[in-house]
């Protein structure tokens, strides 16, 4: 943990500050992508709520204002953190090999965000899309997460 008395070591130069910003930016990007994707995809219901639709999973009951706030906030966070990481990579503060971990995590987040919209879509009868998301999306997300974990372990051991 960095104590306030040690803060001067982080801010000695822009390079040292950039190195400390990489991990929070990467975590913020990975966390923001599913929510931003969920918001950008929007409701996929094929019937209005007044028609008493069927759901594979009931959507979260959050207000429209909260939905927009989460979506806009996550989208802004994703853009800012992505720009930070690209800037850090161009300045050679971020090892370019870590993109082989980040990109699969971002792809998995996009699949989860858009898949959640399909799973919570209101339909009449069976939601075929929900079944396809579970059958195909689940294993793809699992494979992407396993790849990212294995690659990050490989990069960390190679560095040590």
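Calculated on the Cα set of the chain, radius of gyration then Dmax: 19.6, 62 Å. If the chain linking residue 62 and residue 126 were pulled fully straight, counting 0.36 nm for each residue of separation and taking away their Cα-Cα distance, it would gain 20.6 nm.
Is the stretch 98-160 rounded, prolate or oblate when judged by the Cα gyration tensor, a ≥ b ≥ c being the square roots of its eigenvalues, rounded requiring a/c under 1.5 and prolate requiring a/b larger than b/c? Prolate is the answer for the stretch 98-160, as a/c is 1.5 or above and a/b outweighs b/c.
We did not get these values from a lab; they are worked out from the coordinates using the rules stated. Fair warning: this is a prediction, and the values are worked out from it, not measured in the lab.
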